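Some notes on the structure that comes next.
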Amino acid sequence: MARPVTIEHNTLLINGEWRDSSGGDELMELVNPATEEVICGVPAGTAADIEAAAAAAKAALQGKAWRKMGGRGRSIALWKLADLIERDADDIAMLETVNQGKPIFESR
(Lines give C-alpha, C1' and ligand atoms only; values in the text may rest on other atoms or scores of the structure.)
Protein backbone atom coordinates (compact mmCIF):
# COMPACT_ATOMS: atom_id res chain seq x y z
CA MET A 1 0.00 0.00 0.00
CA ALA A 2 1.23 3.51 -0.79
CA ARG A 3 2.16 5.92 1.98
CA PRO A 4 -0.43 8.39 3.33
CA VAL A 5 -0.58 11.76 1.57
CA THR A 6 -0.72 15.06 3.41
CA ILE A 7 -2.75 17.92 1.95
CA GLU A 8 -0.54 21.00 2.15
CA HIS A 9 -2.89 23.76 1.03
CA ASN A 10 -6.26 24.95 2.19
CA THR A 11 -6.41 27.49 -0.59
CA LEU A 12 -7.27 27.46 -4.29
CA LEU A 13 -4.66 27.46 -7.07
CA ILE A 14 -5.89 29.97 -9.64
CA ASN A 15 -3.69 31.59 -12.29
CA GLY A 16 -0.55 30.13 -10.73
CA GLU A 17 -1.25 31.63 -7.29
CA TRP A 18 -2.57 30.07 -4.09
CA ARG A 19 -5.50 32.16 -2.86
CA ASP A 20 -8.38 31.96 -0.44
CA SER A 21 -11.85 31.18 -1.70
CA SER A 22 -13.93 34.26 -2.41
CA GLY A 23 -16.50 32.64 -0.14
CA GLY A 24 -14.33 33.04 2.95
CA ASP A 25 -12.92 30.40 5.26
CA GLU A 26 -15.63 27.78 4.73
CA LEU A 27 -14.20 24.32 4.18
CA MET A 28 -15.87 21.23 2.75
CA GLU A 29 -14.86 17.94 4.30
CA LEU A 30 -13.64 15.22 1.96
CA VAL A 31 -14.70 11.87 3.35
CA ASN A 32 -13.36 8.45 2.41
CA PRO A 33 -16.58 6.61 1.50
CA ALA A 34 -15.03 3.23 2.36
CA THR A 35 -14.14 4.18 5.96
CA GLU A 36 -16.17 7.37 6.56
CA GLU A 37 -12.91 8.95 7.77
CA VAL A 38 -12.46 12.67 7.09
CA ILE A 39 -9.50 13.01 4.72
CA CYS A 40 -9.17 16.76 4.90
CA GLY A 41 -11.00 20.03 4.49
CA VAL A 42 -10.86 21.84 1.17
CA PRO A 43 -11.93 25.39 0.36
CA ALA A 44 -15.58 25.71 -0.57
CA GLY A 45 -14.97 27.44 -3.90
CA THR A 46 -17.69 29.68 -5.27
CA ALA A 47 -19.01 30.34 -8.75
CA ALA A 48 -16.73 33.40 -8.82
CA ASP A 49 -13.71 31.18 -8.07
CA ILE A 50 -14.70 28.82 -10.89
CA GLU A 51 -15.11 31.74 -13.28
CA ALA A 52 -11.69 33.12 -12.27
CA ALA A 53 -10.04 29.71 -12.81
CA ALA A 54 -11.73 29.23 -16.19
CA ALA A 55 -10.77 32.76 -17.29
CA ALA A 56 -7.16 32.17 -16.24
CA ALA A 57 -7.03 28.88 -18.16
CA LYS A 58 -8.53 30.49 -21.26
CA ALA A 59 -6.11 33.42 -21.07
CA ALA A 60 -3.15 31.04 -20.73
CA LEU A 61 -4.27 28.99 -23.72
CA GLN A 62 -4.87 32.06 -25.88
CA GLY A 63 -1.87 34.00 -24.58
CA LYS A 64 1.15 34.89 -26.66
CA ALA A 65 3.53 32.63 -24.75
CA TRP A 66 1.65 29.42 -25.64
CA ARG A 67 0.93 30.51 -29.22
CA LYS A 68 4.53 31.50 -29.89
CA MET A 69 5.99 28.45 -28.16
CA GLY A 70 5.62 26.26 -31.25
CA GLY A 71 5.22 22.52 -31.47
CA ARG A 72 8.63 21.63 -30.06
CA GLY A 73 8.21 23.86 -27.00
CA ARG A 74 4.71 22.55 -26.34
CA SER A 75 5.98 19.00 -26.67
CA ILE A 76 8.70 19.69 -24.09
CA ALA A 77 6.14 21.23 -21.71
CA LEU A 78 3.78 18.25 -22.05
CA TRP A 79 6.60 15.74 -21.54
CA LYS A 80 7.63 17.66 -18.40
CA LEU A 81 4.05 17.39 -17.13
CA ALA A 82 4.06 13.65 -17.87
CA ASP A 83 7.34 13.26 -15.96
CA LEU A 84 5.85 15.05 -12.94
CA ILE A 85 2.74 12.85 -13.02
CA GLU A 86 4.92 9.73 -13.18
CA ARG A 87 7.07 11.03 -10.32
CA ASP A 88 4.00 11.54 -8.11
CA ALA A 89 1.91 8.63 -9.40
CA ASP A 90 1.81 6.84 -6.03
CA ASP A 91 0.60 10.00 -4.23
CA ILE A 92 -1.99 10.70 -6.92
CA ALA A 93 -3.24 7.11 -6.74
CA MET A 94 -3.47 7.23 -2.93
CA LEU A 95 -5.43 10.50 -3.03
CA GLU A 96 -7.82 9.03 -5.58
CA THR A 97 -8.21 5.85 -3.53
CA VAL A 98 -9.08 7.58 -0.26
CA ASN A 99 -11.26 10.15 -2.03
CA GLN A 100 -13.34 7.52 -3.81
CA GLY A 101 -12.92 4.55 -1.45
CA LYS A 102 -11.80 2.21 -4.18
CA PRO A 103 -8.88 -0.25 -4.28
CA ILE A 104 -5.45 1.22 -4.93
CA PHE A 105 -4.92 -1.00 -8.00
CA GLU A 106 -7.85 0.75 -9.71
CA SER A 107 -6.40 4.18 -8.99
CA ARG A 108 -3.04 3.25 -10.43
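Output the residues belonging to segment 56-108 that are open to solvent by 70 Å² or more (accessible area, probe 1.4 Å), within 30 Å of E36 (Cβ to Cβ) and not basic (K, R).
Across segment 56-108, the qualifying residues are I85, D90, I92, Q100, F105, E106.
In segment 28-67, which residues are under 30 Å from G101 (Cβ atoms) and small (G, A, S)?
A34, G41, A44, G45, A47, A53, A54, A57
Which number in (1) under 14 Å from the mean Cα position of the chain (by Cα); (2) at pLDDT 90 or above marks the one condition that V42 misses?
Evaluating V42 over (1) under 14 Å from the mean Cα position of the chain (by Cα); (2) at pLDDT 90 or above leaves (2) as the failure.
Rundown of residues vs (1) in contact with a Gly (Cβ under 8 Å, 6 or more places away or on another chain); (2) without any contact (Cβ under 8 Å) to a residue 24 or more places away in the chain, yes/no style:
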{"position": "N32", "(1), (2)": "yes, no"}
{"position": "G41", "(1), (2)": "no, no"}
{"position": "K68", "(1), (2)": "no, yes"}
{"position": "S75", "(1), (2)": "no, yes"}
{"position": "D88", "(1), (2)": "no, yes"}
{"position": "I92", "(1), (2)": "no, yes"}
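The values are calculated or read from the model by the stated rules, or taken from the named source; none is laboratory data. Values in this document were obtained by computation on a predicted structure and should not be read as measured data. Cβ sites come from the backbone with ideal geometry, for glycine too, and all protein chains shown count toward neighbours. Ligands, DNA and RNA are stripped out before the accessible areas are found, and what is left, the full protein with its side chains, is counted by its heavy atoms. Shrake-Rupley method; radii C 1.70, N 1.55, O 1.52, S 1.80 Å.
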